[in-house]
Amino acid sequence: MQSIGVLTAGGDSPGLNAAIRAVGKAALASKGMQVIGFSDGFRGLMENRTIRLDEAGISGILTLGGTLLGTSRDKPHKMLMGDKVLDMTDAMMDNYNKHHLDVLLCLGGGGTHKNAYRLAQKGMNVITIPKTIDNDLSMTDSTLGFDTALSIATEAVDRLHSTAHSHHRIVVVGIMGHNAGWLALGAGIAGGAHVILIPEMPYETTKVADAIRQRLRKGKNFSIVAVAEGAVSKEDADAMQSMLEAINKTEDKEERKAIKSQLKQLKEQQGNNIFSLTKQLEEITGLESRVTILGHLQRGGVPSASDRLFATQLGTACVSLVKKERYGVMAGLNGHRIKAIPLEEVVGKRKVVPLDHSWIKTANEVGISLGA
Ligand code: F6P
């Protein structure tokens, strides 16, 4: 009998339940395998909170958003325990052994992959599934949840057109994606945004305003500006770069601490940039402006057909890997196939939009301004 433990960690995303179901179904079909779920990510494993993933437990969940297991952003080696932050890895190893698990499947994004890798280095057998609406995990062509979030954000951009048009306004729409521009760029192109700002290409406000004014000259008195949450102005990007260089240069501990705190402050302010950008655009162009932040709407609800299909492939691929006892890997998408990628090749990297990516070329070719 092989025993599989499953947990979901990090921000939830559509398609997680479909993946859990696929693991359960494939395991049940392979006689001699059982699956047990842990609640709320690594915390549930540490506290030994389990959920049955038998036939009844996995039934009717294919189309459900979120994760029936619950999730958290807890890290095994830095877990908040009362008022202390402790390394709880050993407690997790104990529970893994108590349940006689052969493997722990961790469904998550960049942070989860790092945590799973840490547990693997401690001797636990782990397999991961790349899940994040941000699509920023390396060594996989796509991540679970991205397709659904892309559709939701695209629909939002679509819908903002009619109100922006009716009121002759600029609507600036904030789209998730952490420090990567995949969602904003994809939804911006698919939804027909006129300007798209992504973290990979620091923007100049004057260039954004120029693009809007150019539209005005053609009689188009409204504009949609899609802004990735990690987008930065050229000014801020240059300031951050100089601070990083200064941190590396100085040998004075106090000075380094002071610059690091300035850098932290600047990064924290980034969340408000969308509001100052909107105000500046209103002032420069004379068009009334509004902000819409899509936020967690993008992570909620029913997964797309494509994500359900992807989740089912990923879940079943994991069970095949367990049968082969192939551990310490991520089940990643490579073309049309699911491939096992060693975790050391995945962790510590972030897949951002390459500047020569075809989506950037496409955006340029249809006249979308990228503000750079
Ligand atoms: O990683 C997914 C994501 O939705 C990011 O796009 C966003 O930056 C972050 O999670 C939000 O996290 P939380 O749900 O903890 O606010």
Any residue at all in region 291-299 that's touching a Leu at 6+ places or on another chain (Cβ under 7 Å) and more than 25 Å from Glu155 (Cα to Cα)? no
Here the residues within region 88-99 that are in contact with a Pro (Cβ under 7 Å, 6 or more places away or on another chain) and either assigned to a loop (DSSP other than H, G, I, E, B) or surrounded by fewer than 12 Cβ atoms within 10 Å (Cβ to Cβ) (or both) are Met88
Could you list all residues from region 338-372 that are part of a loop (DSSP other than H, G, I, E, B) and farther than 18 Å from Lys114 by Cβ? Val353, Pro354, Leu355, Asp356, His357, Val366, Gly367, Ile368, Leu370, Gly371, Ala372
Between Ser13, Ser30, which is surrounded by 20 or more Cβ atoms within 10 Å (Cβ to Cβ), more than 21 Å from Met124 (Cβ to Cβ) and among the hydroxyl-bearing types (Ser, Thr, Tyr)? Ser13
Considering only region 154-163, I want to know if a residue exists there that is of a type in the set (D, E, K, R), without any contact (Cβ under 8 Å) to a residue 12 or more places away in the chain, more than 16 Å from the ligand (Cβ to nearest atom) and assigned by TED's automatic domain parsing to the domain that holds Gly37. no
With the checklist (1) surrounded by fewer than 24 Cβ atoms within 10 Å (Cβ to Cβ); (2) at positive phi in hand, flag the one item Arg159 doesn't pass. (2)
What's the number of the only condition in (1) surrounded by fewer than 19 Cβ atoms within 10 Å (Cβ to Cβ); (2) of a type in the set (Ser, Thr, Tyr); (3) assigned by TED's automatic domain parsing to the domain that holds Leu183 that Ser358 fails to meet? (3)
Listed residues Asn135, Asn95, Asn115, Asn125; which is within 16 Å of the ligand (Cβ to nearest atom) and either on the phi < 0 side of the Ramachandran plot or of a type in the set (Phe, Trp, Tyr) (or both)? Asn115
Residue check, Asp83 more than 16 Å from the ligand (Cβ to nearest atom), closer than 28 Å to Glu345 by Cα and surrounded by fewer than 17 Cβ atoms within 10 Å (Cβ to Cβ): no
Give all pairs with beta carbons closer than 6 Å in which a residue from region 97-111 that is closer than 15 Å to Gln34 by Cα meets a residue that is modelled with pLDDT under 95 and away from the ligand (no atom under 15 Å from the Cβ); count only pairs at least 6 apart in sequence or on separate chains. Asp102/Gln2
Going through region 293-337 one residue at a time, which ones are surrounded by 15 or more Cβ atoms within 10 Å (Cβ to Cβ), assigned to a strand (DSSP E or B) and away from the ligand (no atom under 16 Å from the Cβ)? Val329, Met330, Ala331, Gly332, Leu333
Members of region 52-77 that are free of Cβ contacts under 8 Å to residues at least 12 places away in the same chain and either among the aliphatic types (A, V, I, L, M) or within 16 Å of the ligand (Cβ to nearest atom) (or both): Ala56
Asp252: surrounded by fewer than 15 Cβ atoms within 10 Å (Cβ to Cβ) and not β-branched (Val, Ile, Thr), yes or no? yes
Only one of Ile36, Ile4, Ile20 that is under 23 Å from the mean Cα position of the chain (by Cα) and either among the hydrophobic types (A, V, I, L, M, F, W, C) or more than 16 Å from the ligand (Cβ to nearest atom) (or both): Ile20
Filtering region 199-231 for residues that are more than 15 Å from the ligand (Cβ to nearest atom) and of a type in the set (A, V, I, L, M) leaves a count of 8
Quickly run through region 168-198 and pick out the residues that are within 11 Å of the ligand (Cβ to nearest atom) and over 14 Å from Val225 (Cβ atoms). Met176, Gly177, His178, Asn179, Ala180, Trp182, Leu183
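The values are calculated or read from the model by the stated rules, or taken from the named source; none is laboratory data. What you are looking at is a predicted structure, and each value in this text was computed from that prediction instead of being measured. Don't worry about glycine lacking a Cβ; one is built from the backbone with ideal geometry, like all the others, and counts go over all protein chains shown.
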